[in-house]
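Let me begin by presenting the structure, written as structure tokens, before commenting on it.
The values are calculated or read from the model by the stated rules, or taken from the named source; none is laboratory data. Remember, predicted model here, so these are calculated numbers, not experimental data. Here the Cβ positions follow ideal geometry from the backbone for every residue, glycine too, while neighbour counts run over all protein chains shown.
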Amino acid sequence: MALIDSFLRLMSEKNASDLHLAAGTVPAFRILGDIVLSDQNQVLEDKSLRSMLYEIASEDKIKTFEKIGEADFAYEIKEYKRYRVNIFLQKTGIGSVFREISDNIRTVNELGLPSVVSKFASLSKGLALVTGPTGCGKSATLAAIIDEANSKRACHVITIEDPIEFVHKNKKSIITHREIGAHTKSFAAALRASLREDPDIIMVGELRDMETIALAMEAASTGHLVLGTLHTKSAAETLERIIQVFPSESQNQMRSIFADSIEAVISQVLLKGKDHKKRYPAVEILIGTSAVKNLIREGKTYQIPSIMQTSKKYGMRMLDDSITDYLHQSLIDAEEAYKYANDKNKFFRFL
């Protein structure tokens, strides 16, 4: 058993989603979205923490960390849990964050997401994006969509991640997992190669840069379903962020390509329940209808919220409407609703 495992078991006992370890501080846990300091008052020392982290990291990851000051990898306690790990340098020495990865891939319904999300698994081509802040459940949503496809379609799914999170077992489909660093050099390199690997669905863990985004749109427009994530807080912002990645002289061309490929955007946040025992996903959904695609081509993404409000029959919904539903069901309190709302004026009266 690795020395770090005792911290991870304590993390599980506390039902924490994340474990924070940093030299010069006590361990901390993220529980229902809030950071909670350990009550053990055990200040971690750089030398001992570094030793614990190096014990579970590969030589390549250690070299990467010592060269650039940070590294990502996955760690597994056999027959127990898997974790996504980031190690980094900070003022008082080494630090790390462990995110627990559930070995149970939950369905769209079990995650509390709208049923329309499961339909994205049946798309034959196009780009479907899941967006939101860190820790909002984007990976779980993508895993649910892939599991839906795996259960109902006979196809080839390639996942490109840094590191691999949810591990899918073959059902009706073949699932190929690829990890940046271990199996391929970069997201862009893996995406480029995937087009020669007979995929039906390509999942890109993060659309980080212009090259990756351009390749994702190319794959989506040539008969593949491409799933990906961004750290944006609304559907309209996501559309504009994608276009703004490209140089100004090519943006009109990219708008047209993007409009042709986009099929859906899911923007989500996790809301803390009033009972402080559960979190609920508030979701905004944009569907790539003809009206939406035309607004993208014309550079009028600021009009998209209006289209979404009048297109609920297609499965579209605004984030604030999702938050309002939870508030009216008394599942969350007014402060939580106000905190995450896009239009805070709508919720001010509830405070």
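Structural remarks
- Selection of helices (runs of 4 or more DSSP H) fully inside the stretch 223-313 by the criterion of at least 3 residues being over 19 Å from the mean Cα position of the chain (by Cα) and of a type outside the set (Val, Ile, Thr) returns 251-261, 290-297, 304-309.
- Residue within the stretch 37-60 that is under 24 Å from Glu206 (Cα atoms), outside the structural domain of Ser186 (by TED's automatic domain parsing) and more than 24 Å from the chain's Cα centre (by Cα) present: yes
- Restricting the stretch 320-351 to residues that are under 17 Å from Val265 (Cβ atoms) and touching a helix residue (DSSP H, G or I) at 6+ places or on another chain (Cβ under 8 Å), the residue that is surrounded by the most Cβ atoms within 10 Å (Cβ to Cβ): Asp320
- Filter pass, Ile213 being within 21 Å of Ser261 (Cβ to Cβ) and in contact (Cβ under 8 Å) with a residue 24 or more places away in the chain: yes
- When the test is whether a residue is part of a strand (DSSP E or B) and either within 20 Å of Ala220 (Cβ to Cβ) or in contact with a helix residue (DSSP H, G or I) (Cβ under 6 Å, 6 or more places away or on another chain) (or both), Leu142 does not pass it.
- When Val117, Val85, Val108 are checked against the criterion of being within 29 Å of Asp60 (Cα to Cα) and buried (at least 18 other Cβ atoms within 10 Å of the Cβ), Val85 stands alone in meeting it.
- Count of residues meeting criterion [closer than 28 Å to Gln251 by Cβ, out of contact with any Ser or Thr (no Cβ under 6 Å at 6 or more places or on another chain) and assigned to a loop (DSSP other than H, G, I, E, B)] in the stretch 200-220: 4
- Subset of the stretch 46-63 [in a helix (DSSP H, G or I), in contact (Cβ under 8 Å) with a residue 24 or more places away in the chain and surrounded by 13 or more Cβ atoms within 10 Å (Cβ to Cβ)]: Asp46, Leu49, Arg50, Ser51, Met52, Leu53, Ile56, Lys61
- Contact map, the stretch 325-342: first residue more than 14 Å from Pro281 (Cα to Cα), second residue of a type in the set (Gly, Ala, Ser), Cβ cut-off under 7 Å, separation 6 or more or different chains; pairs are Asn342/Ser234.
- For the stretch 160-181, filtering for residues that are closer than 22 Å to Asp60 by Cβ and either surrounded by 16 or more Cβ atoms within 10 Å (Cβ to Cβ) or acidic (Asp, Glu) (or both) leaves 12.
- Residue check: Ala193 meets all listed conditions (1) surrounded by fewer than 22 Cβ atoms within 10 Å (Cβ to Cβ); (2) within 17 Å of the chain's Cα centre (by Cα) but one, namely (2).
- Residue count, the stretch 151-170 (criterion: farther than 24 Å from Tyr80 by Cβ and either touching a Pro at 6+ places or on another chain (Cβ under 6 Å) or outside any strand (DSSP E or B) (or both)): 7
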